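Below: the structure, in C-alpha cells.
The values are calculated or read from the model by the stated rules, or taken from the named source; none is laboratory data. Quick caveat: nothing in here was measured; it's all calculated off a predicted structure. Cβ placement follows ideal geometry from the backbone for every residue including glycine, while neighbour counts extend to all protein chains displayed.
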Amino acid sequence: MKKSISLVFINIITLICILVLLASCKKNDAKQNSIVTNEEDSITIEHRDKLKGVSYQMAPTKTWLNANEKDDVKMTIVMDLNRTDASNIKKMDSIIIPTTFEGKREDYLPFPLQLEALKNISKIIFFSYPTQTFAAYKNGTLVYTGPTNMGREKDPTPTGLFFTNWKAEETTSTFNDEWELKWNFNIENKLGVGFHQYELPGYPASHSCLRLREKDARFLYDWADQWVLADTENIKAKGTPVIVFGKYDFKAPKPWLQMVKNPDALEISEHELANLIKLNLASIIKEQKNSKLIAQHK
C-alpha cells in the first residue's frame, strides 16, 4: 500500500515538472515571436512627396546644350528624362526638359519614393520596361533610381522575378566579343542577361540586357548582393531580388514624350508595385531568410 502511494506521489511530481517545462517553452517561444514582430514594427518609412507643379516642354538639343552642358545637375536630370547619356544626347534633334530644376533626380522619374509593401524586404531592384527606368529600394524607401535602355524588339529583356548572381567589373558580351561591359551584374545565368554600363541611345536597343550609365551601373554593382555557391553547380543562397516588369510599345513614339501634355503620364503607382510584390513575396522572403541564415553561419 505504501509502495503504491509512493509511486502515485512520484508520478504527480513528474507531471508537475513536465507542465512547468512546457509552460517555460511556450513563454520562450512567445518571447521570440514578440522580438520578431517588434523588429518588423520598428522599421519606419520616412514619407516624402515628389516636387509638385513640374511641367515639361520640348527644346532644340543644340541650343539647350550650349547653355547648360556644363551644369552637372541639369545634365543629369535631362539625360534621365530622355533615357540617354552624354554622348547620345548630342545626336538628338530635340529633347524633353522640365520647367524647373528645383527637385532631386528622383522627382523627375516615375517610381514612388516609398512603398509600405516593401517594408520587410531588405533590398530589391525594379526595372520598368514601359518607362525604361529602374529603382532600388531598401526596406520600402527608394535609395536610387535612374534610366535604362532594355532589350530591343528583336531581343526583348525577359520579365519576372530574378536574383542577382555573379558580377564582374569588366566582362565581354556573349553576343559580340568586341563589346566590353563595365560593372556587369548577371541576373539570368543561362541566358546571359544582366545589368551593366553601356551606351544609352534613348530607346530599348540592347540584346536583352539592361543598359545603364556608368555611375548608375557602379552603384548597383556595389549595392546589390551576389549569390553564394555551395559548389560549381549548386546555389547556396541567391542574391538581391530583381523584378523586371511591363511591356514596351515599339510602334509608338517614345513614351516619356507624353509628359509634355501630362506630367504624370508615366508615374508608377504604389498599388502597381504592391501587386508585383504580392505575386512574388513568398519567394523573396524565403530567399531573404535563407541569405540571413547563411550570413550568420559564416
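Looking at the range 62-74, which of the residues that are in contact (Cβ under 8 Å) with a residue 12 or more places away in the chain and of a type in the set (A, V, I, L, M, F, W, C) is nearest to Q197 (Cα to Cα)?
Among those that are in contact (Cβ under 8 Å) with a residue 12 or more places away in the chain and of a type in the set (A, V, I, L, M, F, W, C), it is V73.
Within the group K247, K190, which residue is of a type in the set (K, R) and modelled with pLDDT of 95 or more?
K247 is the lone residue from the list that is of a type in the set (K, R) and modelled with pLDDT of 95 or more.
Which residues, taken from the range 76-99, are without any contact (Cβ under 8 Å) to a residue 40 or more places away in the chain and surrounded by 16 or more Cβ atoms within 10 Å (Cβ to Cβ)?
Matches in the range 76-99: T76, I77, V78, I95.
Kindly check whether there is at least one residue in the range 276-289 that is closer than 20 Å to L109 by Cβ, more than 16 Å from the chain's Cα centre (by Cα) and not hydrophobic (A, V, I, L, M, F, W, C).
Checked the range 276-289: no residue is closer than 20 Å to L109 by Cβ, more than 16 Å from the chain's Cα centre (by Cα) and not hydrophobic (A, V, I, L, M, F, W, C).
Is the range 210-233 home to any residue that is under 14 Å from the mean Cα position of the chain (by Cα) and free of Cβ contacts under 8 Å to residues at least 24 places away in the same chain?
Yes, the range 210-233 contains a residue that is under 14 Å from the mean Cα position of the chain (by Cα) and free of Cβ contacts under 8 Å to residues at least 24 places away in the same chain.
Restricting the search to the range 194-221, which residues are under 13 Å from F163 (Cα atoms) and modelled with pLDDT under 95?
Hits for the range 194-221: nothing passes.
Among the listed residues E170, E102, E153, which satisfies the condition of being more than 18 Å from the chain's Cα centre (by Cα), under 24 Å from A205 (Cα atoms), at pLDDT 95 or above and surrounded by fewer than 23 Cβ atoms within 10 Å (Cβ to Cβ)?
E153
Just the residues that are within 21 Å of K138 (Cβ to Cβ), surrounded by 17 or more Cβ atoms within 10 Å (Cβ to Cβ) and not basic (K, R), please, taken from the range 238-269.
G239, T240, P241, V242, I243, V244, F245, I268
From (1) among the aliphatic types (A, V, I, L, M); (2) closer than 18 Å to D264 by Cβ; (3) within 22 Å of the chain's Cα centre (by Cα), pick out the condition that doesn't hold for I97.
Here I97 meets the rest and fails (3).
Collect the residues in the range 82-99 that are part of a loop (DSSP other than H, G, I, E, B) and either under 12 Å from L257 (Cβ atoms) or of a type in the set (D, E) (or both), keeping them in residue-number order.
If the condition is that a residue be part of a loop (DSSP other than H, G, I, E, B) and either under 12 Å from L257 (Cβ atoms) or of a type in the set (D, E) (or both), then N82, R83, D85, M92, D93 are the ones that fit.
Tell me which of these K289 doesn't satisfy, since it passes every other one: (1) under 30 Å from I96 (Cβ atoms); (2) surrounded by fewer than 17 Cβ atoms within 10 Å (Cβ to Cβ); (3) not acidic (D, E).
For K289, the failing item is (1).
Counting only residues that are over 28 Å from N66 (Cα atoms) and not in a loop (DSSP other than H, G, I, E, B), how many does the range 100-130 have?
9
Which condition from (1) out of contact with any Pro (no Cβ under 8 Å at 6 or more places or on another chain); (2) outside any helix (DSSP H, G or I); (3) charged (D, E, K, R) is the one that E272 breaks?
(2)
Output the residues belonging to the range 118-150 that are surrounded by 18 or more Cβ atoms within 10 Å (Cβ to Cβ) and among the aliphatic types (A, V, I, L, M).
L118, I121, I124, I125, A135, A136, L142, M150
Could you check the range 182-241 and list, in sequence order, the residues that are over 25 Å from I285 (Cβ atoms), in contact with a strand residue (DSSP E or B) (Cβ under 6 Å, 6 or more places away or on another chain), charged (D, E, K, R) and outside any helix (DSSP H, G or I)?
Selection gives K182, R211.
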